[in-house]
Every structure is written in C-alpha cells, then in structure tokens.
1. How big is region 26-74 in terms of Cα radius of gyration and Dmax, in angstroms?
2. Rounded to whole Å, give me the distance from the Cα center of region 58-75 to that of region 1-29.
3. Could you list which residues have their amide H under 5 Å from that of GLY114, counting only those 5 or more apart in sequence or on another chain, with H placed in the peptide plane?
4. Just from its helices, what would the mean residue ellipticity at 222 nm be for the chain, if runs of 4 or more DSSP H residues each count -39500 (n - 2.57) and the sum is divided by every residue, rounded to the nearest 500 deg cm²/dmol?
5. Which ³J(HN,Hα) values in Hz, rounded to whole numbers, follow from the phi angles of region 13-27 under the Karplus curve 6.51 cos²θ - 1.76 cosθ + 1.60, where θ = phi - 60° and Gly and Pro get x?
6. Using 0.36 nm per residue, how much length does the chain from ALA9 to THR22 gain when fully extended, once their Cα-Cα distance is taken away?
7. For the chain, what is the charge dipole size about the Cα centre, in debye to the nearest 20, if Lys and Arg each add +1 at the Cβ and Asp and Glu each add -1 at the Cβ?
8. Kindly list the residues of region 51-83 that lie in the label zone of TYR178, defined by a backbone N under 11 Å from the point 7 Å along the Cα-to-C-beta vector.
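Please treat every number below as a calculation from the coordinates, not as lab data. Bear in mind the structure is a predicted one, so any value in this text is a computation, not a measurement. Every residue, glycine as well, gets a Cβ built from its backbone with ideal geometry; the counts of neighbours run over all protein chains shown.
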Amino acid sequence: MAGGNLRLAEALAERLPGPVRTRHAVGRVDWTAESTTVKGQGFEVSGDATVVTVPATVLRDIRFEPALAEAKLRANRSVDYGHAAKLSVPLQEDAEPSSVMSVPDRFWCWTARGEGGAVQPVVSSFTGSAAALEALGVAAGAGLWLDHLAELRPDLALSSEGAVITNWDDDRWVRAAYSVELAGRACDHTGLVEPTGALFWA
C-alpha cells in the first residue's frame with residue numbers, strides 16, 4: 001500500500017466517534033453479562049461491551065475479573081504463532097520497482113512506489129519462520145542478512161549503515177508475527193470466538 005499499511009488503520013480510525021488511544025496498555029478488564037470496565041495506568045473506560053483483539057501471546061498479561069474460564073484460556077493456548085523479521089536498507093541511488101526472492105536463503109526483497117508515485121529510496125526484505133531467522137543471524141544484527149541481500153541485488157546501491165531490522169518476536173505487544181495452523185495440531189476456533197458475558201473476541 002502506497003504510504004505504508006498504517007494508512008489502512010488510520011482510515012478505519014477516522015470513522016470512529018472518538019480518538020484511538022495509542023500507548024495505553026490495558027492491565028485489567030472487569031466484566032459482567034451486561035457491562036465491562038477496561039482499566040490501565042491512568043485511565044478507565046466503561047461500556048456495554050468490550051471487543052478483545054489482543055494476540056493470544058499477550059492475553060496472560062491482562063487480569064480479567066472474574067477470571068476467564070479454563071476453556072477460554074485453553075482455546076487461546078491452542079493458537080500457534082509464526083516468526084518473521086523485516087530488513088529495511090536505504091538506497092544511495094534511484095531504483096525501479098522490483099521484487100526478487102532468494103530461495104536458498106529464504107527471504108525476498110522489493111522496491112516499491114510511494115504515495116507520490118516515485119520509487120521510495122529503500123529496499124525492504126522479509127523472512128519468515130524461526131529457522132529462516134536463525135539462518136540469517138537476525139538475533140545478532142543485520143550483518144549476515146545484508147551480505148546475502150548485497151549478493152542477491154548487485155543492481156542496488158545499498159547504504160548499509162542505515163539498515164534497520166524489525167523482529168516481531170521483540171515487539172512487547174505481540175511477541176510473534178502471525179497466527180498459523182500447524183499440521184497435526186488443531187486450533188479451537190469455536191472456543192476462541194465464544195463470547196464471555198459482555199466480552200467479545202476477535
């Protein structure tokens with residue numbers, strides 16, 4: 001998406017009657033069959049219902065009162081998550097839109113147009129799975145991944161000193177990348193979406 005995927009969230013937020021509160025971590029949710037109260041440091045919001053959308057990886061950080069039933073907790077534990085990282089490297093020269101995949105090194109990279117139609121001065125690269133992150137040395141920094149990227153894309157003038165790695169495992173609000181379904185391990189979809197009083201799950 002031109003301008004970044006954040007534009008999608010911003011467009012949705014514009015339709016809401018009130019502002020979206022970012023950087024407001026919820027620590028507790030009190031609920032009954034007919035109402036909820038969401039609490040965090042320095043704020044408290046009450047309403048007829050609450051839609052809980054946090055990843056299953058961080059649900060345990062929120063205190064629910066009364067406590068959630070074991071069936072709901074078990075359903076959340078049935079969700080498996082994948083692992084992914086992104087490498088962004090500034091470019092010293094103009095480039096054309098492109099997309100190239102490295103099969104042996106298990107990552108792909110691309111250059112893309114921005115909001116004004118011009119190609120952005122950056123090459124982005126994405127890899128997924130714990131094994132791929134380990135093979136590219138993501139935990140140790142950008143060095144090894146940069147070497148592979150330079151080998152794959154000799155047509156790009158990389159500005160390596162400006163490289164930035166985003167590892168979703170390090171994000172305190174997610175601690176993983178995306179939910180997955182593993183062969184031989186069932187996810188309890190019904191239990192995940194089953195309402196809990198005035199709590200609804202998405």
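1. Rg, Dmax (Cα atoms, Å): 10.7, 31.
2. When both Cα centres are located, 24 Å separates them.
3. Amide H neighbours of GLY114: VAL119, GLN120.
4. Details: 5 runs with 37 residues, N = 202.
Taking each H run of at least 4 residues, the total per residue is -4500 deg cm²/dmol.
5. So the Karplus estimates, Gly and Pro as x, are 5, 5, 7, 7, x, x, x, 7, 8, 8, 6, 10, 6, 7, x Hz.
6. Working: separation 13, 0.36 × 13 = 4.68 nm, distance 1.20 nm.
Net length gain for the segment: 3.5 nm.
7. Details: 18 positive and 26 negative charges, 114 e Å.
Once rounded to the nearest 20, the dipole reads 540 debye.
8. Residues passing the 11 Å test: 82-83.
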